[in-house]
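The values are calculated or read from the model by the stated rules, or taken from the named source; none is laboratory data. In this text, all values refer to a predicted model and were calculated from it rather than measured experimentally. No Cβ is skipped: glycine too gets one built from the backbone with ideal geometry, and neighbour counts run over all protein chains shown. Just so you know, the surface numbers come from the protein's heavy atoms only, side chains and all, with ligands and any DNA or RNA stripped out. Shrake-Rupley method; radii C 1.70, N 1.55, O 1.52, S 1.80 Å.
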Amino acid sequence: YFFSMHDSQQVSRLYVLTEGLKQGSLYPRWVDLFGFNYGYPLFNFYPPLIYYWGALFHALGFSFLWSVKLVFMSGYVIGGIGMYLLVKKLLARSIDSARYDRVIKASAYLAAVLYTFFTYHAVNAYVRGAMAEFFSMSVLPFVFLALENLRQHLSVRNALLFSITFALLILTHPLVAFPAVLFIGAYILHGLVLHRHKRLFTGYHVLGGVLGLMLSAFFWLPSMIERKYTLVDSILLKELASYQIHFVQPIQLWFSPWGYGGSGPGLQDGMSFQLGKAHIAIAVVSLIGCLCALFFFRKKAREGNAHIFSDFGFFFTFMLGAIFMMTEYSVPLWKTISFLQYLQFPWRFMTFVGLFISVVGAYGVYFVSKVFPDRLSHKLSIVLVIVLSLITIVTYQKYFRPQNYLKQTDAQLTSFDEIAWRVSRTSFEFVPKGVITKKSELGTTILAIDESNINRSQFNISDGTADVVSVKNEYANKVFNVTTTTGMVFTLHTYDFPGWTAYIDGQKTSITDNNSLKLITIIVPAGTHQLRFSFEDTGARRVGNWVSLLSLVGAGTYLFIDSLKHKTTE
C-alpha cells in the first residue's frame, strides 16, 4: 500500500528521473509528462538528491512505490544516527569525558529519540509528504557534526568534509539550506570568538563553505539565474503561498490538534505545529540542570567545562531563535531579508527547532549527572534516558501513521493521465513565464489548460503539408524526418525555455513561441529534412557544471591522497 499525503508527486518525480537516466542523461534537467505533457525543467529547479537516492533503491529491484517509502524509512535511520554522533561529539569535549562515557552515550541516545519522534518529522512524512524537506532533517545533523569536527580539529580534510555535507544539504532542499546558513554562520562566529587561532579558524571554515557552494553550483547557480523565466515568483510568493498567512501562533507550539489538513492564517490550520509537551518539558529541565550544574560545580570544574555551558547556551538560543522566526514577531526580518519569502511557510523553521531542542534535551542528562556522585550519576542518567525515551516514544508514536492507506501500483502512479493531468494540475510553478493562466474558483492563479488540452501528440503542422516520421523522442533530444513540398510551420508540443535549440539538417534555426502556450515553433522550407530539437546547457548551466566538476575532482583527489598518507603513517 501507499499512503495519502499532500505532495503526492514523489513516485512520478522518481519515475521521470529514472527515465531520464535510462536515456543517457546523467542529470536530466528537462522532463516530459509534467506540465500537461508539454514538459518543463523540473530538476533545473527542484532539488534532485533524494530522487537519486530513490533511483538507487529502484536499481536494486524495488518498485517505484517502495523506493519512495524506503527513502522515508532510511531518512529516519540516517537522521537518528547523525543526531547521536553530533551530541556524542559535542559532549566529548568535556574534560572528564572518559569517566562520563556512558553518560555521554546515553545523552546522545536520548537526542536521537527526541529527534526521531519530533512531531514535525511525522508532519513531513505522513501529512505533507514533503520528502525533500523530510530528508533535509536527516542531513542537517551531519552538517553540524562536520562543523564541530572542524572546530575541534582544524584541517583541510575536515573542511572538505564540511563542504560535502553542506553541498548535500543544498542538493536535498535549498529552502532549508538557505536559512541553515544563518545558523551555520552564527555557529562559526561562536567558535571563532572562543578559538585562539582566529585567522586559521576563519580560513578553514571559509574554505569549507565556499567549496560546498562550488560542489553544488551545477544546481543552485542556474536555478537562481533562470528562475525569472518561470512562474515561480508569481505562484510561490503570492496568494495562498504568501508567507504572511502562515505564521504560527505561540499557543500552537504547546497545543495544536493533530490533523492532516493544510496551513492557514491564524489558528485556521488543519495540521499541527506542536513542539511536543515532552520535548518542551525536557528542554526546560535541561535549562534548570544547566543552572544547577553551574551552581554545584567547583570553580575548577566549571572553568574546565566552560565550553560545554557555552555550547548549551548557544543551542538553547538557536532553538529560541528558530521558534521566533515562526511567529509574527519576526515579520520585520521576513520583510528585510526578502529571499526568506521563498520559504513560503515560516513554520519551515520547525526543521531547526527539532534539531536544537533535541540537542538541548540531551545536555540536560549530562548536567543532571554532574550534580550527583559519579557512580550514582551513571546509573541515574541511564535510568533517566530509558524513562524519557519511553515517554517520548509512547506519547508520539501515534502520530507516525498515515491518514489513509491507498491500494495503488506503480502502473497507476506513473500512468500518462496521472502525471500529465492530476500531478500537472497541482504543480506548475516551473512552467515558462508567458504561458496562458487564469483564476481558479479560490482566486488563485492556475494554467488555462483543462483535461481536453492535455498534450497527446508530439507536434502540429500548419501553413503547409508534410509527411513526418518521429525518429527519436527523448526528454532533451527529439528528432524527426520530414518531407514537405510546400514548406510548413512545425510546432513542437514542448514549452520553449532557455536551452531549447532547433536544427534543420544540422544547421541551427530560429525558434519562435508567439502562441498562448509558448510552444517551440520553426519554419521548415520545402524538401526533405531532418529536424532536431535539443535541450542544451545555457551559460549558467555550463559554468555551474564545470565549477562543480572541478571542485569535486579537486576535493576527491585531496581526500584520496590524504587517506594514502594516513595508511602509510600507520
Residues of the range 403-415 satisfying the condition of being over 24 Å from the mean Cα position of the chain (by Cα), under 16 Å from Ser67 (Cβ atoms) and in a loop (DSSP other than H, G, I, E, B): Gln408, Thr409
Leading residue by the ranking (farthest from Val423 (Cα to Cα)) among those in the range 34-64 that are open to solvent by 10 Å² or more (accessible area, probe 1.4 Å) and aliphatic (A, V, I, L, M): Leu60
Any strands (runs of 3 or more DSSP E) falling wholly within the range 416-503 and containing at least 2 residues that are touching a residue at least 60 places away in the same chain (Cβ under 8 Å): 445-447, 488-495
Selected residue (criterion: nearest to Trp347 (Cα to Cα)) from residues of the range 106-133 that are touching a strand residue (DSSP E or B) at 6+ places or on another chain (Cβ under 8 Å) and of a type in the set (A, V, I, L, M, F, W, C): Val123
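A quick yes/no check of all residues on (1) within 29 Å of the chain's Cα centre (by Cα); (2) more than 14 Å from Ser107 (Cα to Cα); (3) assigned to a helix (DSSP H, G or I):
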| site | (1), (2), (3) |
| --- | --- |
| Phe367 | no, no, yes |
| Leu376 | no, yes, yes |
| Lys379 | no, no, yes |
| Ile382 | no, no, yes |
| Val385 | no, no, yes |
| Ser389 | yes, no, yes |
| Ile393 | yes, yes, yes |
| Arg401 | yes, yes, no |
Breaking point among (1) within 17 Å of Ile520 (Cα to Cα); (2) surrounded by 19 or more Cβ atoms within 10 Å (Cβ to Cβ), for Thr484: (1)
So Phe356, is it of a type in the set (A, V, I, L, M, F, W, C) and crowded, with 19+ Cβ neighbours inside 10 Å: yes
Any helices (runs of 4 or more DSSP H) falling wholly within the range 34-140 and containing at least 3 residues that are of a type in the set (Phe, Trp, Tyr): 49-59, 64-91
Conditions (1) surrounded by fewer than 19 Cβ atoms within 10 Å (Cβ to Cβ); (2) over 24 Å from Trp334 (Cβ atoms): number failed by Gly266: (2)
Search result, residues across the range 442-461 that are modelled with pLDDT of 90 or more and more than 16 Å from Asp32 (Cβ to Cβ): Asn460, Ile461
Among (1) in contact with a Leu (Cβ under 9 Å, 6 or more places away or on another chain); (2) within 26 Å of Pro432 (Cα to Cα); (3) open to solvent by 60 Å² or more (accessible area, probe 1.4 Å), the one test that Met214 misses: (2)
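Matching residues to (1) buried (at least 22 other Cβ atoms within 10 Å of the Cβ); (2) under 20 Å from Asn124 (Cβ atoms):
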| site | (1), (2) |
| --- | --- |
| Ala362 | yes, no |
| Leu376 | no, no |
| Leu390 | no, no |
| Tyr399 | no, yes |
| Asn404 | no, yes |
Pairs where the first residue, in the range 64-85, is in contact (Cβ under 8 Å) with a residue 12 or more places away in the chain and the second is of a type in the set (D, E, K, R) and part of a helix (DSSP H, G or I), C-beta under 8 Å, 6+ apart: Phe64/Asp410; Leu65/Asp410
Residue among Arg128, Arg157, Arg151 that alone is open to solvent by 10 Å² or more (accessible area, probe 1.4 Å), over 19 Å from Val353 (Cα atoms) and touching an Asp or Glu at 6+ places or on another chain (Cβ under 7 Å): Arg157
Pair list, Cβ < 6 Å and 6+ apart or interchain, from the range 241-255 residues that are without any contact (Cβ under 8 Å) to a residue 24 or more places away in the chain to residues that are part of a loop (DSSP other than H, G, I, E, B): Ile245/Pro265; Gln252/Phe273
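Assess whether Phe428 counts as being surrounded by 14 or more Cβ atoms within 10 Å (Cβ to Cβ), closer than 30 Å to Phe480 by Cβ and of a type outside the set (Val, Ile, Thr).
Values: surrounded by 14 or more Cβ atoms within 10 Å (Cβ to Cβ): yes; closer than 30 Å to Phe480 by Cβ: yes; of a type outside the set (Val, Ile, Thr): yes.
So Phe428 passes the test.
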Residues of the range 320-342 satisfying the condition of being open to solvent by less than 10 Å² (accessible area, probe 1.4 Å) and either under 15 Å from Val181 (Cα atoms) or charged (D, E, K, R) (or both): Ala322, Leu340
Residues located in the range 3-26, provided they are open to solvent by less than 40 Å² (accessible area, probe 1.4 Å) and either at pLDDT 95 or above or within 22 Å of Arg456 (Cα to Cα) (or both): Gln9, Val11, Ser12, Arg13, Leu14, Val16, Leu17, Thr18, Gly20
Residue in the range 222-229 that is surrounded by fewer than 16 Cβ atoms within 10 Å (Cβ to Cβ), touching a residue at least 40 places away in the same chain (Cβ under 8 Å) and part of a loop (DSSP other than H, G, I, E, B) present: no
